[in-house]
1. Ratio of alpha-carbon Rg to the 2.2 N^0.38 Å globular estimate for segment 77-168, to two decimals, please.
2. Under 18 Å Cα to Cα from Lys113, which aspartates and glutamates show up? Leave out anything in the same chain fewer than 8 places away.
3. Net charge around Ser154, counting only other residues with Cβ within less than 13 Å of its Cβ (Lys, Arg = +1; Asp, Glu = -1)?
4. For Leu19, which sequence-distant residues (separation of 5 or more, or a different chain) have an amide H within less than 5 Å of its own amide H, given hydrogens modelled in the peptide plane?
5. Apply 1/(1 + (r/R0)^6) to the Cβ-Cβ distance of Gln76 and Tyr26, taking R0 = 22 Å, and write down the FRET efficiency to the nearest 0.05.
6. What does the charge count around Lys92 come to, taking other residues whose C-beta lies under 15 Å from its C-beta (Lys +1, Arg +1, Asp -1, Glu -1)?
Amino acid sequence: MTAPELIQTIEAIGGVLTLRGDRIQYELPEDAGSMIGVLLQYRDEVFRVLREREQTDGCYVHQAQATWWTRPDSSQVCGKCHPDPYAVALRKTTLSEPPPMPKGVRLLEWAPKGPPVAIESWSVVTDVPQFIQTTLGQLQAAMAGETWLAGNWSVRELVDRLEQVGVKADVAAE
């Protein structure tokens, strides 16, 4: 494994590598703890690649000009190698079509909003089509009286959650 491959692997699993002076600072998912040993093994080479990455306008992976986007930790990432997850999610949302409605639910409007969508003051949806699909399943369960399968959400709460991401539905009383 080369240092660029190691860096790319770490970033692909959601890890972040940054330089702080002469140290490599890393953030890894909990299940990626085994990567620390590999990172230590290639420390000098990884440090060199990260330093070069800071000093160039070209991508260290495909050696070409890159369109960079900035992560929340202020590190720069190549948009070709690692597309902005919100741009990917927005493209998926734009291309999505209405899923089949549960029995007794009539679709009134299909206008999914682009991510991120704040559902409650503490919830943000980045995969809008998946959220819609899951919530429709929960709605079907709630309407059947299986509240535990609906995540203990009421029918009204589920309809409201759908409305917050741009899907208006009418629930028919049976």
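Just so it is clear, none of the values below were taken in a lab; they were calculated from the coordinates. These numbers were taken from a predicted model, which means no experiment stands behind them. No Cβ is skipped: glycine too gets one built from the backbone with ideal geometry, and neighbour counts run over all protein chains shown.
1. For segment 77-168, the normalised Cα radius of gyration comes out at 1.17.
2. Hits, sequence-local ones excluded: Asp84, Glu97, Asp127, Asp160, Glu163.
3. Charge balance near Ser154 sits at -1.
4. Residues meeting the criterion, in which the H sits 1.01 Å from N, are Gln25.
5. Values: r = 16 Å, r/R0 = 0.75.
With R0 = 22 Å, the Cβ-Cβ based efficiency is 0.85.
6. Taking every other residue near Lys92 into account, the sum is -1.
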